Amino acid sequence: PCAPALAEACDSQDDDCDGQVDEDFRDEAGRYVDRLHCGACATPCVEPGPNMQASCLPEGAGVRCEIECLEGFVDVDRILANGCECERFDGMGPPPVVGGDADCDGAPDDDDLFIYVTTTGSDTNPGTLVRPMRTLNAALARGRSAGKSVLVARGIYEGPLNVLGGVSIFGGYSPDFRDRDLELFQVIIERTTPGLPAITCSDVTTPAAIEGFTVIGGDATGAGEGSTAMFLDGCTDSVRFGDLQVFAGRGSDGQNGLDSSARLREWGLMSLDQLDGPDGTDGRPGTSGGGVCRRVAGGVGGRHSCRATDVSGGDGGAADCPETGCVNGRPCGNAGCTDYTTGGVCDFAAVLRDAVPNPAPSAGRGPMPG
């Protein structure tokens, strides 16, 4: 008897006991057309390399395994193991990779589709793949005159990069330009001049793209100066910036303020010492023990004027006796009043209740604050 399995397998057996063998892997003509069982069980039709797709297709009484490139990719070197290695560039944005080795000599073929820049190039070179240029602005100028975009390989380049209308520049390429990875092949534009920008864009109204760079502004060194990484002035929306990491440098401390002595002449003074007024006079000495309690006047405030304005200090407050008319040196101590004793002991609560506070000092005659 047939013992059904959970599902049909490709094994030339009737696993599900339905009277058919491997029916899930064959077409109506009995041909094995499954990608993993192409022509027979356990005969896979798979992609040998990246950017490829495989299909098991009927052909006559049999089948064939067809391998083709994914849309947008081309197998330039005809080596199945590395797949369709070339991604077709449609002219929009940065090309994913450039260069090839059609003659199989191990070196990339030269081309002049773009202007190439590397840290080992020279501005006397034509900017081709095998004879790249060295500086960004020189490459941009050549790219605009030739109508070509500029590609930049990994490395550190001195700024400023001055954006030009009508020419695009893309970073992030390997030294041979056969790969592009913005993190692995970082292109840094830095400005060593203190505080100045590494990228400038002034009055650019025609299309241009700047993509795939790390931008670092210089640290400011002069007092009160800032640091700018990118400076855009009149740079219209026809200019596109993308995949940029921007880092401004450090700004410097502010400038020191002017010494107040620099304005003395405006105030009619010759030195800062003239801003100090004279000291006020001392107050009168206190009354000796046993003397009659009397009013003691406060000291006179210091007198001074500044530019015809009286800025004298106020007089000191005077000391008055309590209204009860007390005599100093009596049993009430500092209160000096015999009529505040109860059984020979000073009644401090009564003294404080009737005490008269000293008058407040008078206000100075200087100008109002502010």
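Just a few scattered comments:
- Residues of the stretch 151-174 with amide N under 15 Å of the 7 Å Cα→Cβ point at THR135: 157-163
- Contour minus Cα-Cα distance for GLU266 and LEU352 (0.36 nm per residue): 25.6 nm
- Residue exposure proxy: MET270, MET230, ordered by other Cβ atoms within 10 angstrom of their Cβ from fewest to most, comes out as MET270, MET230.
- Pairwise label distance in nanometres, ALA29 with THR119, each label 7 Å out on the Cα-Cβ vector: 6.1 nm
- Backbone amide hydrogens, once placed in the peptide plane, bring CYS38 within less than 5 Å of THR43, CYS45, excluding anything fewer than 5 places away on its chain.
- Extended-chain gain in nm, criterion 0.36 nm per residue less alpha-carbon gap, ALA54 and THR128: 22.9 nm
- Under 5 Å from the amide H of ARG64 lie the amide H atoms of LEU57, GLU59, each residue being 5 or more positions distant or on a separate chain, with H modelled from the backbone and absent for Pro and chain starts.
- Inter-centroid distance (Cα atoms) of the stretch 217-271 relative to the stretch 156-173, Å: 26 Å
- ³J(HN,Hα), Karplus 6.51/-1.76/1.60, whole Hz, each residue of the stretch 141-156, x for Gly, Pro: 4, 5, x, 5, 5, 9, x, 10, 7, 10, 10, 10, 8, 3, x, 10
- Inter-site label distance for ALA40 and GLU158 at 7 Å from Cα along Cβ, in nm: 7.0 nm
- The distance between label points at LEU80 and SER145 comes to 5.0 nm (points 7 Å beyond Cα on the Cα→Cβ vector).
- Label point 7 Å beyond Cα of GLN20 along Cβ direction - residues of the stretch 37-60 with amide nitrogen under 14 Å: none
Quick note: the coordinates plus some simple rules give every number you see, no bench work behind them. Model, not experiment: these values are computed from the prediction. All Cβ positions, glycine included, derive from the backbone under ideal geometry; neighbour counts span all protein chains shown.
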